[in-house]
Amino acid sequence: MELIQLVIGGVASGCIYGLVALGFVLIYKATEGVNFAQGDMMMLGAFVALGLVNSDYGALAFVPGVILAAAIMGGVGYGIDRLVVRQIIGQPQFALVILTIALGFVLRFAAGTIWGFSPLVLETPFAGQHMEIAGIIIGYEDMVTIIVTALLTLLLWVFFGFTRIGLAAQAASQNQMAAYIVGVPVHRINSLIWGLSGVVSTIAGVLYASKGAIDPNIGLLGIKAFAAAVIGGFGSLPGALLGGILIGVVEPVAARYLPGGISQMSPYIIMLAVLVTRPNGLFAQIYAKKV
Amino acid sequence: MSLLEVEDLAIHFGGVKAVDGVSFAVEAGEVFSIIGPNGAGKSTIFNLISRLYKPTRGKIMFDGRDITPLQAHEIAPLGLARTFQNIELFDHSTVLDNLLMGRHTHRSTNWVQDMLFVPAVRRAERAHRRKVEDVIEFLELEAYRDKLIAGLPYGVRKVVEIGRALAVGPKLILLDEPASGLSVEESQEVAYWIEDMRRDMGLTVLMVEHDMSLVTQVSDRVLAVANGQPLAQGSPAEVQSDPRVMAAYLGTEVYT
């Protein structure tokens with residue numbers, strides 16, 4: 001019983017890791033670059049939503065406020081690619097790593113300047129409520145997190161599998177030159193993917209904020225999400241999500257049953273174990289990367 | 001008016017004049033070949049036409065329109081498709097998906113319609129699929145329809161690339177060394193296909209090729225280039241017997 005309780009809470013927090021990991025994978029698939037500001041985009045998304053929704057700020061209704069926040073962060077993601085990342089095209093990969101780490105700092109201090117560095121709580125319509133099924137207590141925020149993640153994953157799957165833009169993005173990720181000559185505007189698609197990644201991060205941020213207080217440093221969760229993406233194979237959307245859920249479940253279970261400290265290390269222990277035994281990740285799609 | 005007009009085209013990479021003052025015109029319905037020794041700038045001319053490179057000088061007119069200021073992704077919708085010498089396919093997709101990607105510019109439904117799979121999307125999807133099936137039949141790719149590119153032999157990949165270019169529904173198709181690396185039988189097949197493209201599909205073909213027997217067999221006119229500069233232009237026989245062309249290929253000096 002206790003274990004089931006831990007697992008449910010773990011799946012819910014794992015969904016949040018998974019969504020941030022999805023953000024990593026989206027950008028990696030489209031542009032072959034890693035955005036180390038992904039966690040900070042989640043943080044900023046949460047704060048933008050808070051700024052629109054909370055009664056002492058924008059005081060919008062919850063759902064329209066979150067949708068508006070996601071749209072704004074979509075614009076921020078698009079703009080980051082269009083105005084900043086595109087400037088370093090053709091530079092070594094490492095330039096993007098440094099650029100996005102720096103970008104993370106910028107976002108963190110921008111959020112701190114606007115909303116302060118002390119913890120704030122996002123006002124949600126389902127805060128503190130829970131239901132009880134057969135002796136297991138499920139918080140509404142956990143349930144919302146799991147349902148929203150499932151829906152969003154389904155939506156992304158349909159988007160990439162069936163829409164013109166989604167297919168163009170897949171084409172561009174496989175071969176940019178070929179994508180150009182069949183008429184895919186590769187640069188614009190990349191910017192759109194950054195925008196989409198901003199939207200997904202915002203939803204992750206709102207779900208994170210629904211479970212507790214947020215401050216500008218919560219973006220460091222991005223490191224765990226990065227581990228989740230690596231575990232999943234980094235090129236795989238379902239892999240990222242499942243990697244996140246795996247970490248999310250192992251953490252509380254390890255905290256309960258194993259000696260202190262193991263829990264905090266567990267995401268990285270799993271990542272190392274996966275890298276040693278299955279270097280391409282658990283759900284690798286790209287088996288051999290072209291040089 | 002010619003379908004494709006290239007006027008005084010030049011591109012310089014630093015001090016290297018990869019293409020320097022090349023002009024030619026391709027008439028609608030003809031097969032026009034560009035030949036020349038390695039490094040003559042043939043593929044560079046193709047990359048300039050498909051706007052992957054930005055010319056240092058000169059102008060490219062296609063179908064009465066100046067395409068020099070356009071970007072690479074704006075070329076395909078005009079009806080100009082191409083293949084690459086080193087094959088640029090979507091390696092982790094099937095043959096069918098690669099060909100369907102060629103239809104990209106013909107899709108007009110938006111993403112909401114696409115996600116809901118509304119009747120208009122279904123109709124369009126069927127039309128694209130029919131078009132692609134025509135291409136598969138024409139190039140005899142039936143056996144490979146659902147195979148991943150990554151596992152296919154070189155010769156088949158070359159054909160798939162031609163197929164993708166045809167799926168674009170072009171007026172002009174640029175073939176960059178379609179016969180390189182192919183066996184004699186395979187390049188003979190390419191020759192037939194080029195004939196059919198012109199005769200049955202009404203396509204105009206611009207080709208870069210080293211295989212002189214293929215060039216002679218299918219070309220109406222030939223342009224020879226060397227060191228980025230035009231040497232001679234005319235019928236295949238005329239160009240082959242031109243002393244400057246022979247000198248460029250054989251490396252002998254011609255004293256006049």
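The values are calculated or read from the model by the stated rules, or taken from the named source; none is laboratory data. All figures in this text were calculated on a predicted structure; none of them were measured in a lab. We place every Cβ from the backbone using ideal geometry, glycine too, and count neighbours over all the protein chains shown. These area figures cover heavy atoms from the full protein model, side chains too; ligands, DNA and RNA do not enter into them. Shrake-Rupley method; radii C 1.70, N 1.55, O 1.52, S 1.80 Å.
Residues of the stretch B:67-87 that are within 8 Å of chain A (Cβ to nearest Cβ) and crowded, with 20+ Cβ neighbours inside 10 Å: B:ALA72, B:HIS73, B:ILE75, B:ALA76, B:ALA81, B:ARG82, B:PHE84. For the stretch B:92-118, the candidate set comprises residues that are at the interface with another protein chain (Cβ under 8 Å from one of its Cβ atoms) and open to solvent by less than 30 Å² (accessible area, probe 1.4 Å); within that set, the residue that is modelled with the lowest pLDDT is B:THR109.
Here's the yes/no breakdown for (1) within 28 Å of A:ALA46 (Cα to Cα); (2) of a type in the set (S, T, N, Q); (3) outside any loop (DSSP other than H, G, I, E, B):
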site	(1), (2), (3)
A:SER201	yes, yes, yes
A:GLY222	yes, no, yes
A:PHE226	yes, no, yes
A:LEU241	yes, no, yes
A:GLU251	yes, no, yes
A:SER263	yes, yes, yes
A:ILE269	no, no, yes
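Each row is one residue, and each column tells you yes or no for (1) within 19 Å of the chain's Cα centre (by Cα); (2) modelled with pLDDT of 90 or more; (3) open to solvent by less than 20 Å² (accessible area, probe 1.4 Å).
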{"site": "B:GLU5", "(1), (2), (3)": "yes, yes, no"}
{"site": "B:LEU9", "(1), (2), (3)": "yes, yes, yes"}
{"site": "B:HIS12", "(1), (2), (3)": "no, yes, no"}
{"site": "B:VAL19", "(1), (2), (3)": "yes, yes, yes"}
{"site": "B:PHE24", "(1), (2), (3)": "yes, yes, yes"}
{"site": "B:ALA28", "(1), (2), (3)": "yes, yes, no"}
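Check the stretch B:57-69 and report whether any residue there is under 30 Å from A:ILE165 (Cα atoms), free of Cβ contacts under 8 Å to residues at least 12 places away in the same chain and outside the structural domain of B:ALA247 (by TED's automatic domain parsing). Looking for residues that are under 30 Å from A:ILE165 (Cα atoms), free of Cβ contacts under 8 Å to residues at least 12 places away in the same chain and outside the structural domain of B:ALA247 (by TED's automatic domain parsing), one finds none in the stretch B:57-69, hence no. The sole residue among B:GLU195, B:GLU142, B:GLU185 that is under 21 Å from B:SER219 (Cα atoms), open to solvent by 20 Å² or more (accessible area, probe 1.4 Å), among the acidic types (Asp, Glu) and in contact with a helix residue (DSSP H, G or I) (Cβ under 7 Å, 6 or more places away or on another chain) is B:GLU195. Can you name the residue in the stretch B:41-66 that is more than 10 Å from chain A (Cβ to nearest Cβ) and small (Gly, Ala, Ser) and, of all such residues, is least open to solvent (accessible area, probe 1.4 Å)? Checking each candidate, the answer is B:GLY41. On the basis of being hydroxyl-bearing (Ser, Thr, Tyr), open to solvent by 50 Å² or more (accessible area, probe 1.4 Å) and closer than 25 Å to A:VAL148 by Cα, does A:SER118 make the cut? Answer is no for this residue. Among the residues of this structure, A:SER236 does not count as one that is in contact (Cβ under 8 Å) with a residue 60 or more places away in the chain and open to solvent by 10 Å² or more (accessible area, probe 1.4 Å). Any residue that is crowded, with 22+ Cβ neighbours inside 10 Å, on the phi > 0 side of the Ramachandran plot and facing chain B (nearest Cβ under 9 Å) - is there at least one of those in the stretch A:180-191? Yes: one or more hits.
One line per residue, one yes/no per condition, for (1) open to solvent by less than 40 Å² (accessible area, probe 1.4 Å); (2) over 30 Å from B:ASN86 (Cα atoms); (3) within 14 Å of another protein chain (Cβ to nearest Cβ); (4) touching a Gly at 6+ places or on another chain (Cβ under 9 Å):
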residue: A:MET143; (1), (2), (3), (4): no, yes, no, no
residue: A:LEU156; (1), (2), (3), (4): yes, yes, yes, yes
residue: A:GLY161; (1), (2), (3), (4): yes, no, yes, no
residue: A:GLN174; (1), (2), (3), (4): no, no, yes, no
residue: A:LEU220; (1), (2), (3), (4): no, yes, no, yes
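Contact annotation: residue pairs with Cβ atoms under 7 Å, 6 or more positions apart or on different chains, pairing a residue in the stretch B:202-216 that is within 9 Å of B:ILE34 (Cβ to Cβ) and open to solvent by less than 50 Å² (accessible area, probe 1.4 Å) with a partner that is of a type outside the set (D, E, K, R) and in a loop (DSSP other than H, G, I, E, B), are B:MET207/B:PRO178; B:GLU209/B:PRO178; B:GLU209/B:ALA179.
Pairs meeting the criteria (first residue in the stretch B:159-172 and in contact (Cβ under 8 Å) with a residue 40 or more places away in the chain and in a loop (DSSP other than H, G, I, E, B), second residue among the hydroxyl-bearing types (Ser, Thr, Tyr) and open to solvent by 10 Å² or more (accessible area, probe 1.4 Å), beta carbons under 8 Å, at least 6 apart or on different chains) are B:VAL168/B:THR105.
For the stretch A:271-280, residues that are open to solvent by 90 Å² or more (accessible area, probe 1.4 Å) and either in contact with a His (Cβ under 7 Å, 6 or more places away or on another chain) or in a helix (DSSP H, G or I) (or both) total 3.
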